[in-house]
Amino acid sequence: MAAKIQGTVVDVNGDGDLITDIDEAKWAGIKRTFETKIVVDDEHETFGLFDSNHQQPPMTLIAIVDSNRPLRLHLVSDSASTMLGVRKGAKVEVLW
């Protein structure tokens with residue numbers, strides 16, 4: 001993995017998704033493959049970038065990228081913030 005984007009969790013939405021400050025201008029050129037690794041708070045990781053229409057199974061941590069929105073981390077069918085114990089200010093890295 002040769003390239004990296006660093007960011008921060010800036011908000012937690014009502015569903016417990018972790019909203020980052022990694023906007024579309026930063027993630028737009030990254031391929032949506034499972035070679036893309038996302039690390040949260042130096043201990044939680046997931047692979048790949050998905051859109052809101054993903055078909056991932058429950059309890060899967062995914063990174064969602066939708067046009068005109070920042071990258072967010074979502075735990076399918078649950079709260080990423082609660083399950084991971086991650087709050088505002090946590091570090092986020094995208095590596096590819």
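When you look at Glu93, is it out of contact with any His (no Cβ under 8 Å at 6 or more places or on another chain), part of a strand (DSSP E or B) and of a type outside the set (A, V, I, L, M, F, W, C), yes or no? In short, yes. Against the list (1) within 14 Å of Leu71 (Cα to Cα); (2) under 12 Å from the mean Cα position of the chain (by Cα), the condition Asp41 fails is (1). Within the stretch 1-53, which residues are hydroxyl-bearing (Ser, Thr, Tyr), farther than 10 Å from Val92 by Cα and surrounded by 13 or more Cβ atoms within 10 Å (Cβ to Cβ)? Correct list: Thr36, Thr46.
Being touching a helix residue (DSSP H, G or I) at 6+ places or on another chain (Cβ under 9 Å), of a type outside the set (Ser, Thr, Tyr) and not in a strand (DSSP E or B) is a property that Val86 has.
Could you say whether any residue in the stretch 78-91 is under 9 Å from the mean Cα position of the chain (by Cα), buried (at least 19 other Cβ atoms within 10 Å of the Cβ) and not charged (D, E, K, R)? Looking for residues that are under 9 Å from the mean Cα position of the chain (by Cα), buried (at least 19 other Cβ atoms within 10 Å of the Cβ) and not charged (D, E, K, R), one finds none in the stretch 78-91, hence no.
Scanning the stretch 60-77 for residues that are of a type outside the set (S, T, N, Q) and surrounded by fewer than 17 Cβ atoms within 10 Å (Cβ to Cβ) turns up Asp66, Arg69, Val76. For the stretch 51-68, taking the residues that are under 12 Å from the mean Cα position of the chain (by Cα) and at pLDDT 95 or above, the one that is farthest from Asp23 (Cα to Cα) is identified as Thr60.
Only one entry of Asp66, Asp42, Asp78 meets the criterion of being among the acidic types (Asp, Glu), touching a residue at least 60 places away in the same chain (Cβ under 8 Å) and either in a loop (DSSP other than H, G, I, E, B) or farther than 18 Å from Gln6 by Cβ (or both), and that entry is Asp78. Taking the criterion of being within 12 Å of the chain's Cα centre (by Cα), in a loop (DSSP other than H, G, I, E, B) and either within 13 Å of Arg72 (Cα to Cα) or not hydroxyl-bearing (Ser, Thr, Tyr) (or both), the residues of the stretch 17-38 that qualify are Asp17, Asp21, Ile22, Asp23.
The values are calculated or read from the model by the stated rules, or taken from the named source; none is laboratory data. Since the model is a prediction, treat every value here as computed from it, not as a measurement. Here the Cβ is made from the backbone with ideal geometry for all residues, glycine too, and neighbour counts use every protein chain on show.
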